[in-house]
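Reviewing the structure listed below.
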Amino acid sequence: MMRKIFTSVLTVLFTLHVYAGGYQVSLHGQKQIGMGLTGTSLTIDGSSSFYNPGGLSMMVSERSILAGMSVINSYNLFHLQGTMYEARTENPPSTPFYFYGAARITGNLVAGIAVNTPYGNNLTWEEGWAGRFLVEETSLQAITIQPTASYLINDMLGIGAGVVFAPGKVELAKALRVEDQHEEGSMSIKGSTSGWGFNAGIMFKPLPEMNFGISYRSRIDMTLEDADARFSVPQSLQTYFPPLNKASTALPLPANLDFGASYEINDELMVAIALNYVFWDAYDTLAFDFDTNTTLLTDSKNPRMYSNRLIFRAGGQYRASEKLYLRLGGYYDPTPVNENYFTPETPSVNSVGITAGLSYMLLPEVSLDASFLYIHGMETQAAYSPANFAGRYKSRAYVPGIGLSYNF
Amino acid sequence: MKIRNIISFFGLLTMMACEPEMESFKPSPGDADFSTMVAVGNSLTAGFADGELYRSAQQNSYPNIVAQQLKHAGGGDFIQPLMKDEYGFGNRLVLDVIDGMLTPVPAGKQVNPDNLLSIYDEKGPFNNFGIPHAKADHLLVPGYGFLNPYFGRFAKNVNTSTVLNDAMIVEPTFFLLWIGNNDVLNYAIHGGEGETITNVEYFSKIIESIISLLAENNAPGAVANIPDITVIPFFTTIPSIGLVLTESQASELNLVYKDFPHIEFKAGQNGFVVTDAEAQGQIRQLTANELLLLSVPPDSMQYAGWGSMKPIPLQYYLSEQQIENVRETVDQYNSFIRKITGDMNLAFVDVNTPLKNAETGIIFDGVSFTTKFVTGGVFSLDGIHLTARGNAIVANEFIDAINKKYGSSVPKTSVTEFQGVIFP
């Protein structure tokens, strides 16, 4: 039975050429990860604070505390067009995490808090690689902190909303086309900032075994006003690259509109789907404005031209015994990147994700949750036309994750 | 049973947990045989840079870059007549900061006499016949090595060898030819004084003979056209109307030139004063369309009043007519090169277009280049010859043309692997 399901899921995933990307991370609960990162229509625990605040009021227990993390091991490969040149990334593993706490205040009102990492990017290309004048290293680390309230209007309808505060850190390093006898020049921009947003959702439960959810997470603008700009250049050019320069830039964290449905086929089996529409068109341009400009250091506006994308996710949960839950899922994540504006700083290709997971009840209220996500990035021929940088990209990611849930 | 399924599924995922691989470029020679290649030309083929031919610059010559790439598609060894050191015949320039300005200065090295010794018996025969200073017809002159030590040092017989005969020693199966620059450049870099432009008809005959010889065993090859030299930094760095004056300086100068009503200064930019036999009083001011050469001695400009109090001599500028002579000739040379390349069924390499585009800036592999002196990245410190990165761009143009003509798949080189100008 299980083998059959595995086989058919794999076949479906590998034959359909649909694919998400950019710098969004969707690892916010081990149970949801195991089911193809679906979550919009689930009412299992406090993680609804994030996935759909409307569903939080339908939480089964009185109180819920969850925490967990995943480890993203990602690999990117690049082949420079027309050459034998290949380069790889040496990305440090990144560790998105989540913490949720929720408690029923009155019969109909649930308050919760979500602390997690819905956006991020952690990329390091091999030293001296061909695209180093575009990017050598980049990282975006953002945490969102979201106090949430959810109200159950009646047995079929819950609504909820939360305010999102997002502190974050952005780093970017690239090489400069000036060199002395020892080394090539380089530039790094580092800064911290924070942004605000909101998260709102509605959960509709027409039948006890059927849920529909819809949620909207707003765009958050990470605006860096005076990031540190540091330069390492040949001595004779140092006047062109002022040592204590500052730079301003802005990175939008895109809005998401999610729709989900789930159905409990019987006591053992539950299936869920989610449609995740990401408003990537917010990322139109990456601009750098330096406080001090010189003839060799000018402000830049770099087109990114991302497009909105719909991600399709599906998954299921099978209760194998009183203590063991098994999960499977998958999704198609189409890249938001325009193939003519494909930069190696977010080498996001169309990808397929396959997930598996399990929960083991350590105690009647406590479960150990684990998941594994494999992301298969399709080989893509693309170019960043403004820099005449073309080639083929491919990626892989292996993401194990673990967490604990305490529902009481 | 179920547990075992789960374990095997995770096991499968772990096995897949390796880095991605990609099917890489598949090189093939197509219709060409790259096993023995020779390259014939001038300093641009030799790898001359920074005012001299020196060892590491030779290693980054465009034909050597092409040859390394051809090795992926059946190409053989490419032996170059390497200098023994980084200073060649001693004229190499390096970049230094003088009075706060980045300035190319002589590296000031003693000439290593070993660089003048014949290396044919020890290292020959050779594959790179790029001879600095060579005009097209020089390639056919017996004993040219006696006149030009850059050839003499590796000619088989310095008194009798022609460049082309020596090039045929290895019985090339493929050739690269890029010649003709000096036929017009020598005139231009001397401001049209004491040098002539090679007559187009004569040039065409010479090119025809050279190609016939190189292709005599039906060897395929690639022939490049000549860049419009008037866009290179040697001619574009010092603005012809770069005499910047204050109001009082302008009126002082107007007093000095009060007998020459055609010479007039105002506050701001002014044309430099130059010698011109045809002008009234044999002096006049440069117009914005004329070119002042990089060879004009900076000390004379700065301290001896050249261009303001004293006219700049004829050999340091190109008049509009001279520029026209140069451009027209380059066009005529190039149309002949294009025609004969077609007639002889060879690959035609358009080097002129990318270099011309570099005037406003071109971008390859994520690096931007311009024809700007020192900071542009394409041209080396002499303002005429290419940097290693510039050679890589040219090499890729050759490879593109070869692939197109012969149906081959020769991989291009990654331009960013090569260096530009080295700053102090």
Can you pull the one-decimal nm distance between simple spin-label points at A:L207 and A:T239, each 7 Å off the Cα toward Cβ? 7.9
Between A and B, buried accessible area summed over both sides at probe 1.4 Å, in Å² to the nearest 100? 4000
Is there a quick way to get the dipole size of the protein assembly as shown? I mean about its Cα centre, with the Cβ of Lys and Arg at +1 and of Asp and Glu at -1; what is the value in debye to the nearest 20? 2760
With a 1.4 Å probe and every protein chain kept in, tell me what percent of the accessible surface of the protein assembly as shown is carbon plus sulfur. 55
Among A:W125, A:W196, what's the order by accessible area (1.4 angstrom probe), most exposed first? A:W196, A:W125
Using a 7 Å offset from the Cα along the Cα-to-Cβ direction at both B:N289 and A:M305, what is the distance between the two label points in nm, to one decimal? 3.8
List the aspartates and glutamates whose alpha-carbon lies under 20 Å from that of B:K266, not counting same-chain residues fewer than 8 positions away? B:E247, B:E252, B:E290
C-alpha center-to-center spacing [the stretch B:334-350, the stretch A:150-185] in angstrom: 56
Share of antiparallel DSSP beta bridges in chain B, in percent to the nearest 5? 55
Roughly how many debye, to the nearest 20, is the charge dipole of the stretch B:185-312 about its Cα centre, given +1 on each Lys and Arg Cβ, -1 on each Asp and Glu Cβ, and no other charges? 220
Using 1/(1 + (r/R0)^6) with R0 = 45 angstrom and r between the beta carbons of B:E328 and A:T294, what's the FRET efficiency to the nearest 0.05? 0.70
A:V178's amide H: which non-local residues (gap 5+, or another chain) put their own amide H closer than 5 Å, with H modeled 1.01 Å from N in plane and none for Pro or chain starts? A:G185
Sorted by chain and number, the residues with a modelled amide H under 5 Å from that of A:Y341, at a separation of 5 or more or across chains, are A:A383, A:S385
B:S368 - accessible surface, heavy atoms, 1.4 Å probe, Å² rounded to 10: 60
Under 22 Å from the Cα of B:K109, which lysines turn up, not counting those fewer than eight places away in the same chain? B:K84
Among A:N199, B:A67, B:T353 - extreme Cα towards positive end, dipole of the protein assembly as shown, charges at beta-carbon: A:N199
Starting from the Cα of B:K71, draw a straight line to each of the aspartates and glutamates and keep only those under 15 Å, dropping any in the same chain fewer than 8 residues away. B:D33
Which ³J(HN,Hα) values, rounded to whole Hz and listed in residue order, are derived for the stretch A:95-107 from phi using the Karplus coefficients 6.51, -1.76 and 1.60 in 6.51 cos²θ - 1.76 cosθ + 1.60 with θ = phi - 60°, glycine and proline given as x? 10, x, 9, 8, 9, 10, x, 9, 8, 7, 8, 10, x
Using a Förster distance of 45 Å, how high is the FRET efficiency between A:M361 and B:E23, based on the Cβ-Cβ distance and rounded to 0.05? 0.45
Going down the table (A:K246/B:K372; A:K301/A:K394; B:K156/B:K412; A:K394/B:K26; B:K339/B:K405; B:K258/B:K310), which pairs top 21 Å between alpha carbons? A:K246/B:K372; A:K301/A:K394; B:K156/B:K412
Between B:Q321 and B:N112, what FRET efficiency follows from the Cβ-Cβ distance if R0 is 56 Å, with the result rounded to 0.05? 0.80
Please give the length that would be gained between A:D267 and A:S385 if that part of the chain were fully extended, namely 0.36 nm times their separation in residues minus their C-alpha to C-alpha distance (nm, one decimal). 37.1 nm
Place a +1 charge on the Cβ of each Lys and Arg in the stretch B:243-316 and a -1 charge on the Cβ of each Asp and Glu, then give the dipole magnitude about the Cα centre in debye, rounded to the nearest 20. 40
Averaged over A:389-395, how many beta carbons belonging to a partner chain fall within 10 Å of each residue's beta carbon? 3
Run through the DSSP bridge list for the stretch B:243-316 and note the antiparallel percent, rounded to the nearest 5. 75
Please work out how much length the chain gains when fully extended from B:I169 to B:Q302, using 0.36 nm per residue of separation minus the C-alpha to C-alpha distance, in nm with one decimal. 42.7 nm
Under the rule rounded for a/c under 1.5, else prolate if a/b exceeds b/c, else oblate, using alpha carbon gyration tensor axes a ≥ b ≥ c, the stretch B:243-316 is classed as oblate
For the stretch A:264-287 and the stretch B:364-407, distance of Cα centres in Å: 47
Roughly how many nanometres apart are two label points built 7 Å out from the Cα toward the Cβ at B:I98 and B:E359? 2.9
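The values are calculated or read from the model by the stated rules, or taken from the named source; none is laboratory data. Since we're looking at a predicted model, the values are computed, not measured. Every residue, glycine among them, receives a Cβ derived from its backbone with ideal geometry; neighbour counts consider all protein chains shown. Side chains are part of the model used for accessible areas, which takes the heavy atoms of the whole protein and leaves out ligands, DNA and RNA. Shrake-Rupley method; radii C 1.70, N 1.55, O 1.52, S 1.80 Å.
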